[in-house]
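For reference, the structure discussed in these notes is given below.
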Amino acid sequence: MNPVQLPFEPQTGGTLDPAFVVGRDELVLEILNLLRKGTNVPITDPRRIGKTSVLGRIVWTVTDPEIAILVDFEGVDTVDEFLRRLITEIRKHAGFSKRVRTVLGGLFDNIELHAGPVSVKQVFSARSAASILEESLIDLSEQLAADGKTLYLLLDEVPIAARNIAEREGAATAHILLQTLRRLRQRPDSAIRWVITGSIGFHHVLRQVGSTEGVVGDLLSVSCGALGDDGANALTDALLRGIGYVPDEISVGALIEFSGSIPFLMHHLAHRLRNVSAIDRESVRATFDRFVDDRDASKSFTHLLSRVETFYGDHSLVVNKMLDQLAVGPMDFESVVAAHPSIDREELRRLIDLLIDDHYLVAEGSTYSWRYPILQRIWMRRRP
Amino acid sequence: MAIPDPSADLDAEATMTGTSIYTPSTLSAEALEELFVAREPILEQIAIRIAEASKGPSRNHTLLVGPRGAGKTHLIAMAYNRAAACLGSTAKTSDGKGKSTARLSAGRRSFQLSWLPEDPWGIASYRHLLLAILGGLQSGGDLAANRMLSEEDLENQLSSTASTDGPIVIFLENLDQILEAITNKGQQRLRHLAQSGALLFVASTTRLSRALASVDGPLYGFFTETELAPLTVDEAKEMLTKIAQRRGDSATVAALSTPQGLSRVRTVEHLAGGQPRIWSILADSLSIDGAISTTDALLATFDHLTPYYQEQLGRLSPNQRLIISALIDEDRALTVKDIASVTGIDQRSVSGTLTELRDRRWVQPVDSFFTRKLSDKRLVYYDLAEPLARVVFQMKSTKDGEPIRLLLDFVSVWFDEDALDWLNLEPETRKVLELAFGSELGGLSRILGGHFDASELPPEFVFSVAKATVAGFQGMSESAMQLSTGIRSSVEAALEERGLPGTLSNMFACIYYSISHQEDSEFRSEIGSFFAPKLEQKFLRSVALCWCGEEETAARLRPHSAEGFSESFLVSESRSFGIMVTDLLFFMSCWSPSTQPSGKYSEYSKRLRRAAKSDNKRRKRLTGESYPSSVASRPSGSIPDFQNKFEAVI
């Protein structure tokens, strides 16, 4: 299906039909190539950049003998539930052989059914959910290997689940789950590959559950980022048609400019431009300004900008100043040091690393700049 | 803040006219369609989302955001009815609430409908919510049996029915309350269930509560939000017309179709706010040819609203109440600095409290003709989001027997003084109307509406409004924003309708009418120097003609023929008007080189004055009364009418 020719109604929430995910095929291919080489991937981006849509597109793209299953762990607060939700999603997939189902059926009830809750067989109820998780996935991997298939497990909102489990069952339990997942990822010749995403950074959750970066240190981070030119043009064209507007060079260009080619912003701006009779640079700029100034509406995209105090506590003043300076233009490390003579070099280096982890900045060699120009623009607008 | 909760009396009364103010869901599908205005594009979007969900994995969840009375229930009821009709079955139950389902095949895929009760009192947990959704389905099974199921079983049942019969489209109101009841954990589970594709939400909420507005909330960014804006003046007019048509009130329908009708609606909008429910309430109170019934109905409406607003005010913090009180007492839009000055609260606290009041929909930034012209774009004026809240304070401060100001404001802008059947009015109603038309707002509304017998207003007052209008038009809106909200709104409505010259000429006409008897004075001079450069001579001539009120005179008039023009008054019954018109032309000649030499005007003016003096003496001798200096004779027609005639002549 070619979405370019389709009118596409702006969608600022909910579940996007993966057939209509535009401009992400290159990224999907990059991720699949990494997975095929045996590299497991976390997708790290702030909220609303399009991580879940990319996962959906991966599921939509792969074909036999590859299988991709997306599991959303939102709402999970026990390891048992984590396990059951994972197995429930695996159960739904029709591409597994009877042998796979038999293996899983040895551990769980209701594997053969399409409905009804999956549960651990009574006989194993004394065992920990983490150990059953490990055993079931090892068994599954072996059967998949025997069938010549590869399974990509796309696990969404894992950091939230880990945090919930830490709150409900204790940090140690969450830590064990993360370690179990790491062991599974590191098994040689495994037929299972992993993509892990979440809307909160792992480094914040790890602190909460008392783990170190080591439990996710095996993952090679990939970023969604903004759409490329072709993707941005295609999506803008379809969205303008979706609001009943005949796209032209001016309207398409304006929407791309003010959205920074971020799909979520494109959808939001198009949604807000529904009743505008002439979509040009001026009207899109006014709509963008209203969106940014409406803090409720834009919070999902701009929460990073209001999170400095939460993330950096006592260092927030320094961080704010640093972001102000970098909003004007890129800086190398020595310039940052020179701009903050009262702060220790190592402390500054640590803060910059955190700003990179938290998606504010990106490093090119020893030069730092804002990761998303559109966030940089919003930052400048909000901090006159 | 919200519009009042259901009031049985009021609702029952309204239902008799065929429109339910508070519970649109009880209306038939036909009645809902008949009364539907303005929201059709939103309805179409919902229809597209349901159609897409029925065909594939897309789940574009709708969240309608608006205060109570914004038309959410009406929209949801119509979305449900249309979806059900699309499925070929309207299974709405007679009580219009709760269990109502339809599920039929629509092409290759199908979908199911579940309309939850508007007031979610029975939903106290996530489990209750699942039960309600299941209970709303035709295939939902036995309620008693469902009650025995666990949360997870209920989720599975919903997933199972969705996988076989299509996604469940859930029509759900007061989402904020439901999310609060199901707690964060329930919200996470609900999101997960919805992500699986089993559910499509068409939901509404009065506010973006923490669960919806917090970035950490599971359902943040989950919905495509659509804010239901207040009705525009044209949409409100359409709604009033439809309701009047429904009750067979052809006089009101006809009146609303005139330019004056639109002007009235515009001013009422400023007095009452633009929420559909308020228009619905007023539509049943406002009748163009029933002054008695309208006055009584308005009083009853305000009476019903008072306890509600009292209760709402009681829930505010002392500082919040102080700010609301200041806005009502000052009767105009205020800046943070103004509020700080009036209340004695420091500016930072005022800002914080205003944010709270905005969240609770008590106040809103003013977005109007004058604020859009403000040279300082950072300056924000705040006013009451629900102007009718004034009713509480006015009820308390009004002395026994005196009508409340709000009633006078409404009456003064709604009725045409000249069209009323004064002789048949009851004394109480007559008193209310006289007070209304004698008020500043009433007088100014008439002046701006082109009626020039409203000169009871002090000319100094009208002049001050004119000066503020010009300043506001030129971007120095601060002085315009000092006007009371009602006056400012009337002026803004006139500016939007007729532009600056049209608005100013009406004010000028009134002022000149009032001071026409005066000899040269400082005030006259000030008036002249202010207005003359701003108004076109041609237009002033038309103003003069409307005072004359005689078509024959108009027909005789040729440009620059002051002689014939003024002579006609010497032989007519309208000598006082003649004086004024001649004075006016004389006055104009001083400022415009293109007019006749001033001497002739001066001469005619003197002759007319002498004749009028003689008339007045005779009248006094016969009747014991003099002509009032400013109302020597009742003119006929209105400025626009005569302007048109004048334009036709020349």
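The values are calculated or read from the model by the stated rules, or taken from the named source; none is laboratory data. Everything quoted here is computed from the prediction, not taken from an experiment. Backbone-built Cβ (ideal geometry, glycine too); neighbour counts: all protein chains shown.
Some points to look at:
- Of the residues examined, A:Leu227 is not one that is closer than 18 Å to A:Ile49 by Cβ, assigned to a helix (DSSP H, G or I) and aliphatic (A, V, I, L, M).
- Inspection of the stretch A:195-203 identifies no residue that is buried (at least 20 other Cβ atoms within 10 Å of the Cβ), assigned to a helix (DSSP H, G or I), free of Cβ contacts under 8 Å to residues at least 24 places away in the same chain and out of contact with any Cys (no Cβ under 8 Å at 6 or more places or on another chain).
- Comparison of A:Ile87, A:Ile67 shows that the only residue that is more than 12 Å from every other protein chain (Cβ to nearest Cβ), aliphatic (A, V, I, L, M) and over 30 Å from A:Phe264 (Cα atoms) is A:Ile87.
- Residues in the stretch B:31-85 that are in a helix (DSSP H, G or I) and either away from chain A (no Cβ under 14 Å) or touching a strand residue (DSSP E or B) at 6+ places or on another chain (Cβ under 9 Å) (or both): 28 in all.
- Selected residue (criterion: surrounded by the fewest Cβ atoms within 10 Å (Cβ to Cβ)) from residues of the stretch A:46-93 that are among the β-branched types (Val, Ile, Thr) and assigned to a loop (DSSP other than H, G, I, E, B): A:Thr63
- Residue pairs meeting the criteria (Cβ under 8 Å; at least 6 apart or on separate chains; first within 17 Å of B:Ala385 (Cα to Cα), in the stretch B:301-313; second acidic (Asp, Glu)): B:Tyr308/B:Asp5; B:Tyr309/B:Glu386
- Among the candidates B:Glu434, B:Glu417, the residue that is under 25 Å from the mean Cα position of the chain (by Cα), under 23 Å from B:Leu448 (Cα atoms) and free of Cβ contacts under 8 Å to residues at least 12 places away in the same chain is uniquely B:Glu434.
- Residues that are over 23 Å from the mean Cα position of the chain (by Cα) and either within 25 Å of B:Gly274 (Cα to Cα) or at pLDDT 75 or above (or both), drawn from the stretch B:480-507: B:Leu504, B:Met507
- Test: residue in the stretch B:343-350 that is assigned to a helix (DSSP H, G or I) and among the small types (Gly, Ala, Ser): yes
- A:Phe311 falls short on exactly one of the conditions (1) at pLDDT 90 or above; (2) surrounded by 15 or more Cβ atoms within 10 Å (Cβ to Cβ), and that condition is (1).
This table checks each residue for (1) among the β-branched types (Val, Ile, Thr); (2) within 22 Å of A:Val21 (Cα to Cα); (3) at pLDDT below 80.
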site	(1), (2), (3)
A:Thr197	yes, yes, no
A:Asp237	no, yes, no
A:Ser259	no, yes, no
A:Ser283	no, no, no
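- Residue ID - nearest to the other protein chains (Cβ to nearest Cβ), chosen from residues in the stretch A:90-115 that are touching a helix residue (DSSP H, G or I) at 6+ places or on another chain (Cβ under 6 Å) and more than 19 Å from A:Ala129 (Cβ to Cβ): A:Ala115
- Strands (runs of 3 or more DSSP E) contained entirely in the stretch B:108-216, each with at least 2 residues that are within 14 Å of chain A (Cβ to nearest Cβ) and among the β-branched types (Val, Ile, Thr): B:168-172, B:199-205
- Residue satisfying condition, being more than 30 Å from B:Gln45 (Cα to Cα) and either within 17 Å of the chain's Cα centre (by Cα) or not aliphatic (A, V, I, L, M) (or both), within set B:Gly221, B:Gly248: B:Gly248
- Any hit, the stretch A:6-22, residues being more than 9 Å from chain B (Cβ to nearest Cβ), within 15 Å of the chain's Cα centre (by Cα) and either crowded, with 22+ Cβ neighbours inside 10 Å or without any contact (Cβ under 8 Å) to a residue 40 or more places away in the chain (or both): yes
- Taking first residues from the stretch A:57-82 that are closer than 18 Å to B:Gly56 by Cβ and partners that are of a type in the set (Asp, Glu), the Cβ contacts under 7 Å between residues at least 6 apart in sequence or on separate chains come to A:Leu70/A:Asp156.
- Qualifying residue in the stretch A:70-78 (condition: in contact with a helix residue (DSSP H, G or I) (Cβ under 8 Å, 6 or more places away or on another chain) and away from chain B (no Cβ under 14 Å)): no
- For the stretch A:239-350, the helices (runs of 4 or more DSSP H) that sit wholly inside it and include 2 or more residues that are over 17 Å from A:Pro46 (Cβ atoms) are A:249-259, A:263-272, A:281-293, A:316-328, A:333-339.
- Test result for A:Gly170, closer than 23 Å to A:Gly217 by Cα, surrounded by fewer than 15 Cβ atoms within 10 Å (Cβ to Cβ), out of contact with any Phe, Trp or Tyr (no Cβ under 7 Å at 6 or more places or on another chain) and free of Cβ contacts under 8 Å to residues at least 40 places away in the same chain: yes
- Restricting B:Leu495, B:Leu483 to residues that are buried (at least 17 other Cβ atoms within 10 Å of the Cβ) and either farther than 18 Å from B:Arg332 by Cα or among the hydroxyl-bearing types (Ser, Thr, Tyr) (or both) narrows the list to B:Leu495.
- A:Leu34 more than 10 Å from chain B (Cβ to nearest Cβ), modelled with pLDDT of 90 or more and more than 30 Å from A:Val308 (Cα to Cα): yes
- Pairs with Cβ under 7 Å, 6+ apart, first in the stretch A:130-156 and surrounded by 17 or more Cβ atoms within 10 Å (Cβ to Cβ), second of a type in the set (Asp, Glu): A:Thr150/A:Glu66; A:Tyr152/A:Glu66; A:Asp156/A:Asp72
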